[in-house]
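The values are calculated or read from the model by the stated rules, or taken from the named source; none is laboratory data. Because the structure is a prediction, the values reported are computed rather than measured. All Cβ positions, even for glycine, are placed from backbone atoms using ideal geometry, and neighbour counts span all protein chains on display. The accessibility values were calculated without ligands, DNA or RNA, using every heavy atom of the protein model including side chains. Shrake-Rupley method; radii C 1.70, N 1.55, O 1.52, S 1.80 Å.
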Amino acid sequence: MSGGRGIDPRYMQELKQKNNIVEVIGNYVALDRKGGNYWACCPFHHEKTPSFAVNEADQFYHCFGCGVSGDVVKFVQEMESTDFMGAVRILAARAKMPVPEGDFDNERAAELKRKRDTMVKILLDSAKFYLANLYGGSAQAHLEYISRRKLSPTTVKKFGLGASLDFYSLPDYLAGKGYTREELTDSGVLTESKNGKLIDSQGGRLIFPIINAFDEVVAFGGRLLEKADFAKYKNTKETMVFNKSKTLYNINLLKKLKREQTIREVIVVEGYMDTISLYQAGFRNVVASMGTSLTKDQARLVKRYSENVLISYDGDFAGQKADLRGLEILKDENLNVKVVPLPDGLDPDDVVKQGADAYQNCLDAAMPLIDYKIHSLEQKYDLGKSEEKRAFLSEALKVVRTAESESEKEDLLKKLREKTGITYQSLERDLHNLPAERKQTEIYLPPPSETGADKYKKAARFVLAAKLFSAPYAENCDFEGIEFDDNVHKIIAEYISACARNGDRVRPSELFEILDEDSPEFNEILDLNYGDKLSGPVAERFFRDSVRTLEEENLRDRIERYKRLFETERDAEKRKEIAREINEYTKRLKRNGGGK
């Protein structure tokens, strides 16, 4: 059995022993012990009733709501939006263990690590080069822009701003460092021009290094200093170390802030300059989505630092994005979302230039997402005109309908009464009389049959779950006479058999290292480890029935295989031998009760 991603299995075992999954997960979500497990509302999907279980004895988690599962390494990967080795590094630091950088026995893993390390080194060398340019005497236009934006030297240094002076000096500099052409283009720092020459991807721009939570430069943002026909801002292309949908600008400094204090709320803005200006004004709890719509990965990344989010986009945000659906992603991740109203035409950078108090007043006026949806509709219509007021109410009541509680609906209706002068009773009647929302037509499918493939798969899952979680009635089952069809079932059965041969304890969490990808079939098996599904006389009877079902299915398969062999075989003696095998398997099938 191999260790995780080419790391010595003994190291992985020690790493997990020193990082109790309950303690690690307890740092991210509140756990409540009930029975033999710890429970929480799942951090990976929105729910009100806890269905996320942490099994301390077997060191794995499983959500009975959305089906996610994993060990302590997988959990840290998901919560920190990092890769396998990133999670290993976090856990190793927590346990004060060295990171086994030299323990890779897998050539591909070693090559990927070398490639990643080289890429990060190229990006760091480029950042240093840009920084040196800024104060090297030739970046007057860049410094003038920084001065106009009223950024102090301390702030410029804090964010590592730099200058690209042209398209060719960076390629020459990096070539002198000995990097290959492929390494330089893969990093996203350089790109090929039409004539085949390597050029600086951010040529001539003001440079904003994008730094991850581990203080690694992973990409660059660049801003044009003059008007042109192409984009004002430009990011490095996505690479093996940079995925824009999984990254937030300034996450590195937010992580440092969390070490110093509890972060009550995180302010999310759209761009680099908004982030830097707010940070300089004292609002250090700020990150940027870099102009993209918010993603589930970014929502989870924010949640790592606070459950409260203040969205602070441009003043015309409501007009540009009236549906606000993108912010529902944050709400779906169980975050408390408020939207900061800004004066029309102004962005956070404009407001904070009027003083920190001016921006704080905007933060103080932040509205829950549902209130902001109504606010955005209000900007769309002239409520002084009867026709437009009716159109506003028609849309606003549809928003009110989405409220999660009756008290919230009542509060919103009272606000609509104040805005429009329509009586509360009329608004309430109109809300109840709204036509039902159109639902996607459901196609009726008959329930799965309890015979054939469905019955066989259900039996296989139960037998494997009983063995995996050491049900006492399953102790003497050694899978003799059972062949599993499903590949995941085969892997689990082989793991259990290997443990029996070696005298090792069966540890379900080890299967997360063997089954590389998320496995819906494995999750179905884990679902059976819930309540008393695997215990008691009913479970014991079902286990015996399931073993018999699997054995009978295997016998039928063998009989069919031998019948096909019999039909194609021409040698008389061999045909007699095949016939004897068919007869023997048929007798066994009848004895089992399956020869009907």
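Near GLN261, once Lys and Arg are set to +1 and Asp and Glu to -1 for all other residues with Cβ below 14 Å from its Cβ, the sum equals +4. In order along region 338-354, the Karplus-derived 3J(HN,Hα) couplings, from 6.51 cos²θ - 1.76 cosθ + 1.60 at θ = phi - 60°, round to 10, 10, 8, x, 10, x, 3, x, 10, 10, x, 4, 4, 5, 5, 5, 7 Hz, and Gly and Pro are given as x.
Legend: translational diffusion of region 356-406 by Stokes-Einstein, Rh = Kirkwood radius over C-alpha pairs, 10 °C, 1.306 mPa s; D = 128 µm²/s.
Most tightly packed first, judged by the mean number of other beta-carbon atoms within 10 Å of their residues, the peptides 562-571, 493-502 read 493-502, 562-571. Taking the charge dipole of the chain about its Cα centre, with +1 at Lys and Arg Cβ atoms and -1 at Asp and Glu Cβ atoms, the residue from ALA127, ALA465, SER201 reaching farthest to the positive side is ALA127.
Under the simplified labelling scheme, the ASP527-ASP430 pair shows an inter-label distance of 4.4 nm, with each label point 7 Å from Cα along Cα→Cβ. Amide H contacts under 5 Å for VAL286: ILE267, restricted to partners 5 or more places along the chain or on a different chain, H placed in the peptide plane at 1.01 Å from N.
For region 459-531, the pair-distance distribution built from all alpha carbon pairs, in bins 5 Å wide starting at 0, is 3, 15, 32, 29, 16, 5, 0 percent. Here the extension length gained between ALA175 and ARG544 equals 126.0 nm, from 0.36 nm per residue of separation less the Cα-Cα distance. How much net charge surrounds ILE311 when only other residues with a Cβ under 10 Å from its Cβ are counted (Lys, Arg +1; Asp, Glu -1)? My count for the surroundings of ILE311 gives 0.
Here is the tail figure for region 450-580: Cα pairs spaced more than 24 Å apart come to 37 percent of all pairs. For LYS398, a cut-off of 13 angstrom between C-alpha atoms picks up these aspartates and glutamates, skipping any fewer than 8 places away in its own chain: ASP323, ASP371, GLU428, ASP430, GLU437. Please report how far the C-alpha centroid of region 394-431 lies from that of region 240-254, rounded to the nearest whole angstrom. When both Cα centres are located, 40 Å separates them. Its Cα gyration tensor gives region 144-278 an equivalent ellipsoid; the semi-axes, largest first and in whole Å, are 28, 19, 13. Compared with the direct C-alpha span, the chain from GLU144 to ASP357 gains 74.0 nm at full extension, assuming 0.36 nm per residue. Rounded to two decimals, the Cα-based Rg/Rh of region 1-96, with Kirkwood Rh, is 0.97. Close amide H pairs (under 5 Å, H built 1.01 Å from N) link ALA219 with ILE210, residues at least 5 positions away or on another chain.
Per DSSP H run of n ≥ 4, the term is -39500 (n - 2.57); total these for the chain, divide by its residue number, and report the mean residue ellipticity at 222 nm rounded to 500 deg cm²/dmol.
-15000 deg cm²/dmol
Modelled spin-label separation between GLU378 and LYS234, with each label point placed 7 Å from Cα along the Cα-to-Cβ direction: 4.3 nm. Computed over neighbours whose Cβ is under 14 Å from that of LYS389, the net charge equals -2, Lys and Arg +1, Asp and Glu -1.
Per residue, the accessible area of region 528-588 comes to 69 Å² when a 1.4 Å probe rolls over the protein heavy atoms. Measuring nothing but how far apart in sequence close Cα pairs (under 8 Å, 6+ apart) lie, relative to its length, the chain scores a relative contact order of 10 percent. Each principal axis of the Cα atoms in the chain has its own extent, and those three values, largest first, are 95, 77, 48 angstrom.
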